[in-house]
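Before I ask anything, let me first share the structure, which is written out below as structure tokens.
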Amino acid sequence: MPIKTIFITLAIIFQLAGFVPYYINICKKTARPHLFSWTTWGILPGLGFVLSYSKGGGEGSWVFAMEMALCLGIAVYALFKGEKNIKHIDWITFISAVIIIIFYIFTRNAVLSVVLAATIDFIGYFPTIRKSYLKPHDEPALGYFLAFLSFLFSVGALQAYNFVTLFYPLTLIATNGIFTSFLLIRRRLIGLVESRI
């Protein structure tokens, strides 16, 4: 079996596995996804798939299409049962992401498109980070860690390595890794405070 096929298979397995904890928490009604984050994360991978595939990303690009479908599924749930404590800063970051998405759609510069995609994804984290600072158990850290692994293997599955195909998945690796660490640290700190009370 070619090494690229192994990498894309692992990327898809980890991508699907990464969403399992979130969908389980949705079924248990313990997940409180933020609509703005998951809508942003749902639209962006679809655009990322088109760009990466058109620039020679090949099989490594398909993980973005699958991520789009799974994220939009969570966004639909969030619309009805998600986080209801939406602040002004959440609106500001969401509107900023939408404006950048519009620029992203109409830009003809592939490098600028990739930088905008990474920026949009990063901005999409802000509502979830704000919510998770106070309620770190509402987000399954395992899901974000598995997404980190998925994007790591998707890089190995790319057919062409250049700035356009690499920059966006590398930023996804970084943001998922950092957010996983953030959740675990916040849980630990809150646990220490509660144990002293």
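Each value in this text was obtained by applying a stated rule to the coordinates, not by laboratory testing. What you see is a predicted model; the values in this text were computed from it and never measured. Glycine gets a Cβ as well: all are built from the backbone with ideal geometry, and neighbour counts include every protein chain shown.
Per residue, how much space in cubic angstrom lies within the convex hull of the C-alpha atoms of the chain?
For the chain, the hull spanned by Cα atoms encloses 111 Å³ per residue.
Can you list which of the trypsin sites (Lys or Arg not before Pro) found in region 92-142 are DSSP loop residues with at most 12 other C-beta atoms within 10 Å?
Of the trypsin sites (Lys or Arg not before Pro), the ones in loops of region 92-142 whose Cβ has at most 12 other Cβ atoms within 10 Å are ARG108.
Sorted by packing (mean other beta-carbon atoms within 10 Å per residue), highest first, where do 73-83, 22-32 land?
Descending packing order for the listed peptides: 73-83, 22-32.
Placing +1 at every Lys and Arg Cβ and -1 at every Asp and Glu Cβ, with all other atoms neutral, what dipole size does the chain have around its Cα centre, in debye to the nearest 20?
520 debye
How about region 136-197: which chymotrypsin sites (Phe, Trp or Tyr not before Pro) there are in a DSSP loop, with at most 14 other Cβ atoms within 10 Å of their Cβ?
Loop-located and lightly packed - TYR161.
Additional query: Residue by residue through region 180-193, which ³J(HN,Hα) values in whole Hz follow from phi under the Karplus form 6.51 cos²θ - 1.76 cosθ + 1.60 (θ = phi - 60°), with glycine and proline marked x?
4, 4, 4, 4, 5, 5, 4, 4, 5, 5, 5, x, 5, 5
Right, something else. Determine ³J(HN,Hα), in whole Hz, for all residues of region 81-89 in sequence, where each value follows from phi through the Karplus function 6.51 cos²θ - 1.76 cosθ + 1.60 and θ = phi - 60°; x replaces Gly and Pro.
Coupling constants for region 81-89: 10, x, 4, 9, 7, 9, 9, 4, 4 Hz.
Taking amide H positions as placed 1.01 Å from N in the peptide plane, with prolines and chain starts having none, which residues 5 or more places from ALA31, or on another chain, fall under 5 Å of its amide H?
Here the answer is ILE26, since their amide H atoms fall under 5 Å of that of ALA31.
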